[in-house]
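The block underneath contains the structure these notes are about, expressed in structure tokens.
Just so it is clear, none of the values below were taken in a lab; they were calculated from the coordinates. Predicted, not measured: the structure shown is a model, and the values here were computed from it. Backbone-built Cβ (ideal geometry, glycine too); neighbour counts: all protein chains shown.
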Amino acid sequence: MKITVLGCGALGQVWLTALARQGHDVQGWLRVPQPYCSVNVTDLQGEVSNHTFIANDPLFLARSDLLLVTLKAPQVSPAIKNLQSVLRADMPVLLLHNGMGTLEELRDLTQPLLRGITTHAAMHDGTVIRHVAAGITHIGPVSRDAAPLSHLADLLHQALPDVAWHDDIASACWRKLAVNCVINPLTVEHECLNGALRAWPEQIDTLCDELALLLTREGQHMDAETLRAIIYDVIDTTAANVSSMLQDIRTQRQTEIDYITGYLLRRARSQGITLPENSRLYDLVKRKESQYERQPI
Ligand code: KPL
């Protein structure tokens, strides 16, 4: 299959490598156009893959069978809108990012749209990308014309397991949003690894109570106790991780806060409820972002 990976950061490079290894014809698409992208990935077994893939070839993009978008949430809709005129009407577009809110921004996209979330973790280590944790990628349809595309889950699963198809991907997205609303800003506030968050159980309790209130209003019916169990499970399984938000703050990059806690607060406002602890953390992260010179993302 011909696949364009839009966004060649850590996760994008892991996908490019995995898809190419599986025999797919891949190209990368970079924000600053380049004819090639060099990929240097250390996999979970410590094996290093060095490849140079073609990049930013509009003809390749127009003929692609899938556009896999691994950009961070704030970059997603501007990048896709830029490319929209080149995309075939029937080319599936799969969004793989933290947070929510991009679907509303891409309301007018006519291509079949799929949404995914992943628990794979990869990070920059100097010039190398380290795939640090295996995980599960959940994907599912957003638009009606994407509903018959469940075979994509099998295809992606062959390249980078596990991949699971969900007809109702929104529930998985809300669950991941809740996890990110707790772990990401708290690791910024306490400047700590995910695992260290066990030291702040009262804060986690308060956040879970607020999240459960909103999720229920959104028809997700997740009680605070269940949420707490999910969040502690992620805290333990990712104990050695530096959360993506803390990495962004440390490297003075734009965080995904507007698509994580920011999205939550927008939904809460439209439901007529307030979430004080989430609001406080949102303000804290925005304040930290405003204290650095904004750099290119
Ligand atoms: O998704 C994550 C992130 O860092 O963005 C978690 C689940 C918190 C793992 O680090």
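Principal axis analysis of the Cα atoms in the range 55-164 yields extents of 36, 29, 28 Å, listed in decreasing size. Lysines near residue 81 by alpha-carbon distance under 16 Å, same-chain residues fewer than 8 away left out - which ones? Straight-distance partners of residue 81: 72.
Computing FRET efficiency as 1/(1 + (r/R0)^6) for residue 164 and residue 34, where r is the C-beta to C-beta distance and R0 is 41 Å, gives about 0.75. Considering only alpha-carbon pairs that sit under 8 angstrom and 6 or more positions apart, the relative contact order computed for the chain is 14 percent.
When only alpha carbons are used to place a centre, the range 260-280 and the range 93-134 end up 23 Å from one another.
Hey, how many Å between the Cα centroid of the range 154-189 and the Cα centroid of the range 193-258? Taking the Cα centre of the range 193-258 as reference, the centre of the range 154-189 is 13 Å away.
Remark on the range 150-279: Rg and Dmax equal 15.5, 45 Å (Cα only). Kindly state, to the nearest 0.05, the FRET efficiency for residue 273 paired with residue 233, given R0 = 22 Å and r defined as their beta-carbon distance. Computed FRET efficiency for residue 273 and residue 233: 0.25. Counting only alpha carbon atoms, the long axis of helix 201-217 and the longest principal axis of the chain meet at about 70°.
Please find, in a Gaussian network model of the chain (springs between Cα atoms separated by less than 10 Å), the residue of 204, 230, 260 whose mean-square fluctuation is greatest. Of 204, 230, 260, the most mobile in the Gaussian network model is 230. The calculated Kirkwood hydrodynamic radius for the chain is 19.6 Å, given to one decimal from all distinct C-alpha pairs. Across the range 103-147, the convex hull enclosing all Cα atoms gives 103 Å³ per residue.
Counted by neighbouring Cβ atoms within 10 Å, the residues 117, 169 run from fewest to most as 169, 117. Distances between every pair of Cα atoms in the range 29-87, grouped in 10 Å steps from 0 to the bin holding the largest one, split as 19, 45, 28, 8, 0 percent.
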